[in-house]
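S.K.: Following this message is one structure expressed as structure tokens.
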Amino acid sequence: MVTINIDGKSVEVLEETTILKAAEQAGVWIPTMCHSEHLEPYGVCRLCSVEVVRGKRSRIVTACNFPVRGGMTIHTNSKKVQWLRQVIMELMLSRWPRVRVVKEMAERLAVKEPRFPSLERDEAEDACILCGMCVNMCNDVVKAGVLGFAHSGIKREVVLPFDERSDSCIVCGACAHVCPTGHIKVILEDYRGKKPEFTLGPKTPIYVPTLQAVPRVPVIDAESCIHFETGGCEICAKVCEPNAIDYSMQDEIVEIEVGQVLVSTGFDLFDASAMAQYGYGRLDNVYSSLEFESILNSTGPTGGKIVMKSGKEPKAVGIIHCIGSRDTNHHAYCSRVCCMYALKFAHLVRDRTDAAIYQFYIDMRAFGKGYEEFYNRLLDEGVTMIRGKAAEVVEGCWQGNGEPSLKIRCEDTLIGKFREVPVDMVVLCNAIEPRRDSDAVRRLFSISKSPDGFFLERHPKLDPTSTATEGVFIAGCAQGPKDIPDTVAQAGSAAARILSVIAKGEVEIEPVRAMVQEEYCSGCKICNNLCPYIAIEFLEEKKVSHVNEALCKGCGTCVAACPSSAMTGHGFTDAQILAELDGLMI
Amino acid sequence: MAYRTYLMVCAGTGCVANQSMKIKDKLESEIRKRGLQDEVSVVTTGCNGFCAVGPLMVVQPDGIFYQLLKETDIPFLVEEHFVKGRLVKELLYTPPREKAPIPKMSDIPFFADQTLIVLRNRGLINPENIDEYIARGGYQALAKVLTLMTPDQVIQEIKASGLRGRGGGGFPTGIKWETCKNVPSDTHYVICNADEGDPGAFMDRSTIESDPHAVIEGMLIGAYAIGSREGYVYIRNEYPIALERLQVAIKQAREYGLLGQKIFNKDFDFEIRIVRGAGAFVCGESTALMASIEGRPGEPRAKYVHTVERGLWDKPTCLNNVETWANVPQIIEKGAGWFSSIGTGDVTSDAWGGSKGTKVFSLAGKVNNTGLIEVPMGITLRKIIFDIGGGIKDGKKFKAVQTGGPSGGFIPESLLDLPVDYEELTKVGSMMGSGGMVVADENNCMVDMAKYFLAFTQAESCGKCVPCREGTKRMLDILEKITVGKGTEEDLVLLEELSNMVVESSLCALGGSAPNPVLTTLKYFREEYEAHVKDKHCPGHSCRELIQYIIDPELCLGKGHGCHVCAKNCPDGAIVGETKQVHTIDVMKCGKCGICYDVCKFDAIHIE
């Protein structure tokens, strides 16, 4: 520790601290325009010039990179320092008169009209002020080495190599993050990391996988994290106090041997851009229900505030039911949960804003405990319910002030009239649909699907959790659209079924099952692929097929297909059946 | 094989550009023609220094100096001098305003007043032959150091000598070496800065061209003292001859076991690598130079952590300029006492207390004897310009001399008795710099001169820091405004303020010294600025916008009889008049190119 004197204040700081940090400690403000705590001091704006006195010698140094030494006296606001800052600021202001950070700094340093007119004057509000922070970020921290300076002297500018888009740029956005003027813009389409799934806006490589996850543990996406690309950055490790960041962790595939499986793979949301009339993906402020859910979420992109893209609160919100469900062009079934979450949305919008709310429904399906009561409460809250499927969403404007708006066109079947309702925001209640990869999952477990595409249960009424494959159970929206209570009930039932088998310790198998007469089997493998229960395997050493008796359901498909009649029912061979028939005939 | 006579033909860049190699070939063929090839040998040497009269040749051992040679002169010269034994008077040097030629090189004032340490071998050895360097005592200092001295003794010797950095900074070399040596590290580097970028300066180039081994030997001694095993020479690619000679010299030194491993069978390894610079002025700044060697853009950084502690690749690095390194072998050989007996001040207690040894200057501008000179520290500027330099060209009046390259200040006549000394030059607003010296005469406009040099430094600014990038450009704008006659008195105040700001707050020495020409001219020649601003008049008659060419009718008709030459040569057709009549210049058409002024034999054209 050394003691230094800054503007008459005595401060004790660690040796080799920069004057800037020491001044911070002493509560003395020193202007900077090229300094960032994440970067090594660059010392080019020279605004942080201070006067250092040691013994009889006094000299001007830059505070950002000059290390303090014991007994130093520093004047951060002497006449000379003020003069230097003033002239430097004049130079910057005359070149970039409209850049906000320059204007603000000039104001703070009481510089008004620059005395030196600049021939290189740049009127842009987001002009590059050559502070170099982006270049240093890209080269020293990120280590991507994409940004650099070209030309010398007054012609200096920040460029990409050969002024072209660089393959080395992974659009990490670190340069734009440090840019004080907004000169650097990130084109999200070029972003090479994970695209946001359930949230709006860009997603950083470090994120909590789901909103309000418990425990709230963030993950690093190795695809978009710069560190895995260049070996640089590591800012997260620097700021993480418990030292929890471990870059050496790898994805791993774990193989676990199990006797039973509960398939609860969930659902996908219907992509509303398939119904172009509603403008999803085309018009601003048209959201899917999940996107709106993330807007409502207190940890979401807007911090739970309901705002439009412009940042303003909407004056009216329209909620359109049955997008893709109850629609023979897409899904004929009812998604079951939409009516209730649409009511919840309406309730929250009413709670958080003064917006008018319109619900466009075909039928209100508020079945279930307490649901109808909630619907009635919403009616009391003044939500406008319009019975009629919305026809389309178009752009329009508010009467009176002419501000842009959206218009929902529909036929109100209760009053028998065509209506156009102006709103600022539209929320679409997208259908629940089977997951894209459900067919692959189905084949893996030999589960069938019902006509709507969801996994087929063994019996819709008597056995809604098990499947035709022994030991494979289903629950939740993988089986069909349902809300959370229903899913919990179904999953509980499936778990109980699984536990009962585990508790018993043994498995009962079907009495009727197939068997291979190995002396007749030619090893053609026709039966292998036909078996719907993947019960037939091929014994390479014997060159014959073999039936796994625990899996075989005795359906007989293989028996019928076997060209050499080697496959036969166990206890039901042709000879046995013929003998039984003979017995009957007597 | 010994010859009767040696012809030392200068093969410095200036003479080579003036076809000295053709002269050498012609000499050889003429000598062979006359069967003298076993008696007369033709040798190419490094720069002789007297570039104003090149291509030139010295006949040794007599020391006869032939100048301004042409290929066509050679047969006659060979016949007269080497066959008949008569001097060719027409090719000897005659000082301006005198009639009798001076045959001997040592009698010519240009050479007589010089003291040679760094350039001691110039014109005497073939720089591409290591044996000639060794024959002149080369590598003896290295042998002495490696066999008789410890590194600390070497450093003490250099410290005692008072040698200071010849690149411009004037930092005491011994202290630099000592600090570098004392930084604990597995690797130390030594660097030779041969990135001489000053316009009109060629000290380092000529030193390498005429005596590359002196630089290599100096670096070897420095490396031994510091404990370095690796050295770099950063040389600009625009110096092809210097580069080639250096490559040859390094190769030869390696063959002789003077570079490489176990030098002189001692536990001392050293290797030199050449790095070619692309010609950026700022790369002569040590931190920018190191960045350039590392392969990064050549931009300086703040030197609050010195390069001797963290330099090249963050290792302790000792960087000295060509001339500094070339001084080292001589100091070791002849002793610190001998070296410190030359020069000013006293360095025994304070390393900054004086300037010792010699300094090489490249004398340019409006002096008669332009060229390369080596003079003892403490010599007055007047002696350099009027004795060695032979005075001002065409008998004009001296106005100012700029020392130290494009960022040096202008020194007026009243200060001509100033001794050449680091501190003295700095005191009057100029600097030693790397040794550029440009002389201005009464016809030079000081505002224009300041503008010229500022335009250079402004263009060479890397643009990293605000004061240098923006400040020098704004200064140039103001100077531009003044030279076209649009300046105001307020502009002078702003210019001065801006200059002081750039000096105070720039990141590196380029910005810190770039305003020197402006500040010194404002100080010593303010009346010229005021003439531009107030009277819209250029006293040096060189700012185009402020002058007018006028034909004196009496002289035109009286002396020249209306010769019409000016009208014929005028590219703008601005001169009206018939032969044998008075000519006049149409001011509206005149492009002020000055051709008429140059072609008029009767001095009938005036500038106003």
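The values are calculated or read from the model by the stated rules, or taken from the named source; none is laboratory data. What you see is a predicted model; the values in this text were computed from it and never measured. A quick note on method: Cβ atoms are made from the backbone with ideal geometry, for glycine too, and the neighbour counts reach across all protein chains shown. When the accessible area is computed, the model is the full protein with side chains, heavy atoms only, and any ligands, DNA or RNA have been set aside. Shrake-Rupley method; radii C 1.70, N 1.55, O 1.52, S 1.80 Å.
S.K.: Sequence neighbours fewer than 8 away in the same chain don't count; with that in mind, list the aspartates and glutamates whose C-alpha is under 16 Å from residue B:486.
M.R.: B:448, B:477, B:528, B:530, B:535, B:545
S.K.: Whole-Å semi-axes of chain B's equivalent ellipsoid, largest first, each the root of 5 times a Cα gyration tensor eigenvalue?
M.R.: Values for chain B, descending: 43, 35, 20 Å.
S.K.: Mind pulling the per residue volume of the convex hull built on the Cα atoms of the stretch B:446-535? Å³ is fine. Could the numbers behind the result be given before it?
M.R.: Details: hull volume 6.3 nm³, N = 90.
That works out to 70 Å³ per residue.
S.K.: Pick out, in residue order, every one of the GluC sites (Glu not before Pro) in the stretch B:543-584 that is DSSP loop and has at most 15 other C-beta atoms within 10 Å; say none if there are none. Working shown, then result.
M.R.: Numbers: sites: B:545, B:554, B:578; in loops: B:578.
Hits after loop and neighbour filter: B:578.
S.K.: Any idea how far the Cα center of the stretch B:334-361 sits from the one of the stretch B:1-80, in Å?
M.R.: About 37 Å separates the Cα centre of the stretch B:334-361 from the one of the stretch B:1-80.
S.K.: For a protection proxy built on the mean count of beta-carbon atoms within 10 angstrom, sort B:45-58, A:261-274, B:395-408, B:188-201 highest first, please. Walk me through the numbers on the way to the answer.
M.R.: Details: B:45-58: 26.8, A:261-274: 17.4, B:395-408: 22.7, B:188-201: 24.9.
Those peptides, ordered most packed to least, come out B:45-58, B:188-201, B:395-408, A:261-274.
S.K.: Rounded to whole Å and ordered largest first, report the semi-axes of the equivalent ellipsoid of the stretch A:514-585 derived from its Cα gyration tensor (root of 5λ). Write down the numbers at each step before the final one.
M.R.: Details: eigenvalues 105, 36, 19 Å².
With the √(5λ) rule applied to the stretch A:514-585, the semi-axes are 23, 13, 10 Å.
S.K.: Also: Determine the distance separating the Cα centre of the stretch A:274-299 from the Cα centre of the stretch B:479-517; give it in Å without decimals.
M.R.: 60 Å
S.K.: As a check on your grasp of the helix formula, calculate [θ] at 222 nm for chain B: sum -39500 (n - 2.57) over DSSP H runs of n ≥ 4, divide by the residue count, round to the nearest 500.
M.R.: One gets -10000 deg cm²/dmol as the mean residue ellipticity at 222 nm.
S.K.: For chain A, just run the numbers: alpha carbon Rg, then divide by 2.2 N^0.38 Å, N being how many residues it has.
M.R.: Rg over 2.2 N^0.38 Å, computed on Cα atoms: 1.42.
S.K.: Okay, moving on. Considering the stretch A:319-378, what Rg and Dmax in Å follow from its alpha-carbon atoms?
M.R.: 12.3, 36
S.K.: Can you list the aspartates and glutamates whose alpha carbon sits under 16 Å from that of residue B:33, skipping same-chain ones fewer than 8 residues off?
M.R.: In chain and number order, the partners are B:25, B:71, B:73, B:79, B:80.
S.K.: Can I ask one more? For the stretch A:218-224, what does the Karplus curve 6.51 cos²θ - 1.76 cosθ + 1.60, with θ = phi - 60°, yield as ³J(HN,Hα) per residue in whole Hz, taken in order and with x for Gly and Pro?
M.R.: Whole-Hz 3J(HN,Hα) from phi for the stretch A:218-224: x, 10, 10, 8, 5, 6, 10.
S.K.: Report, to one decimal in Å, the Kirkwood hydrodynamic radius for the protein assembly as shown based on all distinct Cα pairs.
M.R.: 38.8 Å
S.K.: Given Cα pairs under 8 Å that are at least 6 residues apart, what percent is the relative contact order of chain B?
M.R.: Relative contact order comes out at 11 percent.
S.K.: Next up: Quick one: Cα centre-to-centre distance for the stretch A:108-155 and the stretch A:59-90, in angstrom?
M.R.: If we compute the Cα centre of each part, the gap is 22 Å.
S.K.: Rounded to whole Hz and in sequence order, give me ³J(HN,Hα) for the stretch A:310-322 from the Karplus expression 6.51 cos²θ - 1.76 cosθ + 1.60, θ = phi - 60°, writing x for Gly and Pro.
M.R.: Whole-Hz 3J(HN,Hα) from phi for the stretch A:310-322: 6, x, 8, 6, x, 8, 8, 10, x, 10, 9, 7, 6.
S.K.: Then there is this: Taking 2.2 N^0.38 Å as the expected size of a compact globular protein, what ratio does the Cα radius of gyration of the stretch A:438-504 give against it, to two decimals? Don't jump to the answer; show the numbers that get you there.
M.R.: On the way: Rg = 11.6 Å, N = 67, 2.2 N^0.38 = 10.9 Å.
That ratio works out to 1.07.
S.K.: With the radius of gyration and the Kirkwood radius both derived from the Cα set of the stretch A:221-268, what is their ratio Rg to Rh?
M.R.: 1.19
S.K.: Against the empirical 2.2 N^0.38 Å scaling, what ratio does the C-alpha Rg of the stretch A:192-341 come to?
M.R.: That ratio works out to 1.34.
S.K.: So, for the protein assembly as shown, what is the accessible surface per residue at a probe of 1.4 Å, expressed in square angstrom? Walk me through the numbers on the way to the answer.
M.R.: On the way: 55440 Å² over 1194 residues.
Here the residues of the protein assembly as shown average 46 Å² of exposed surface.
S.K.: Quick one: which residues, 5+ away or cross-chain, put their amide H under 5 Å from the amide H of residue B:575? H built at 1.01 Å from N.
M.R.: For residue B:575, whose amide H was placed from the backbone, the distant partners under 5 Å are B:586.
S.K.: Continuing with this model, one more query. How much of the accessible area of the protein assembly as shown, probe 1.4 Å, is carbon plus sulfur, in whole percent?
M.R.: 52 percent
S.K.: Largest first, please: the extent of the C-alpha atoms of the stretch A:2-77 along each principal axis, to the nearest Å.
M.R.: Here the Cα extents, ordered largest to smallest, are 30, 22, 18 Å.
S.K.: Taking only C-alpha pairs under 8 Å that are 6+ residues apart, what is the relative contact order of chain A in percent?
M.R.: Values: 1001 pairs, mean separation 47.0, N = 586.
After rounding, I find 8 percent.
S.K.: To the nearest hundred square angstrom, how large is the accessible surface buried between B and A, total for both chains, probe 1.4 angstrom?
M.R.: 2600 Å²
S.K.: Apply the Karplus curve 6.51 cos²θ - 1.76 cosθ + 1.60, θ = phi - 60°, to the phi angles in the stretch A:256-273 and return the couplings in whole Hz, x for Gly and Pro.
M.R.: Using θ = phi - 60°, the values come out as 10, 8, 10, x, 9, 9, 10, 8, 9, 8, x, 9, 10, 8, 4, 7, 5, 5 Hz.
S.K.: What percent do you get for the relative contact order of the stretch B:446-535 when only Cα pairs under 8 Å and 6+ apart count?
M.R.: Numbers: 102 pairs, mean separation 34.7, N = 90.
About 39 percent, as a whole number.
S.K.: Return the Rg/Rh value of the stretch B:2-120, two decimal places, where both radii are evaluated on C-alpha atoms and Rh is the Kirkwood radius.
M.R.: 0.95
S.K.: Right, next: Among the listed pairs A:80/A:103; A:461/A:553; B:176/B:523; A:21/A:185; A:185/A:312, which are separated by more than 26 Å between their Cα atoms? List each step's numbers first, then the result.
M.R.: Numbers: A:80/A:103 22 Å; A:461/A:553 21 Å; B:176/B:523 34 Å; A:21/A:185 30 Å; A:185/A:312 23 Å.
Correct reply: B:176/B:523; A:21/A:185.
S.K.: For the stretch A:269-432, compute Rh as the Kirkwood radius over C-alpha pairs and then the Stokes-Einstein diffusion coefficient at 4 °C and 1.567 mPa s; write the answer in µm²/s, rounded to an integer. Let's see the in-between values first.
M.R.: Numbers: Rh = 15.9 Å.
Calculated translational D: 82 µm²/s.
S.K.: Still on this structure, please answer the following. Just the number: Rg to Rh for the stretch B:389-466, Cα atoms, Kirkwood Rh, two decimals. Please list the in-between numbers first.
M.R.: On the way: Rg = 13.6 Å, Rh = 13.5 Å.
Computed over Cα atoms, the ratio is 1.01.
S.K.: Would you please give the FRET efficiency between residue A:401 and residue A:98, computed as 1/(1 + (r/R0)^6) with r the Cβ-Cβ distance and R0 = 30 Å, to the nearest 0.05?
M.R.: Once the sixth-power term is evaluated, E becomes 0.55.
S.K.: Using Stokes-Einstein with the Kirkwood hydrodynamic radius over Cα pairs, what translational diffusion coefficient do you get for the stretch B:207-301 at 4 °C and a viscosity of 1.567 mPa s, in µm²/s rounded to a whole number?
M.R.: Roughly 92 µm²/s, to the nearest whole number.
S.K.: Need one value: the accessible area of residue A:151 in square angstrom, 1.4 angstrom probe, rounded to the nearest 10.
M.R.: About 120 Å², rounded to the nearest 10.
S.K.: I'd like the residues of the stretch A:135-161 whose 1.4 Å-probe accessible area shrinks by no less than 50 Å² going from the isolated chain to the full set of protein chains.
M.R.: Output list: A:153, A:154, A:156.
S.K.: For residue A:96, enumerate residues with amide H under 5 Å from its amide H, sequence gap 5+ or separate chain, H modeled in the peptide plane.
M.R.: A:122
S.K.: For the stretch B:130-340, what is the largest minus smallest coordinate of the Cα atoms on each principal axis, given in angstrom and ordered from greatest to least?
M.R.: 42, 37, 33
S.K.: Shifting gears a bit: Across the Cα atoms of the stretch B:548-607, what radius of gyration and what greatest pairwise Cα-Cα distance (Dmax) are found, in Å?
M.R.: Answer for the stretch B:548-607, Rg first and Dmax second: 9.8, 27 Å.
S.K.: Antiparallel DSSP bridges in the protein assembly as shown: what percent, to the nearest 5?
M.R.: Among the beta bridges of the protein assembly as shown, antiparallel pairing accounts for roughly 60 percent.
S.K.: Shifting gears a bit: Pull up the cross-link candidates among the lysines for residue B:366, meaning alpha carbon to alpha carbon under 20 Å and not fewer than 8 places away within one chain.
M.R.: Candidates past the 8-residue exclusion: B:383, B:393, B:396, B:397, B:399, B:451.
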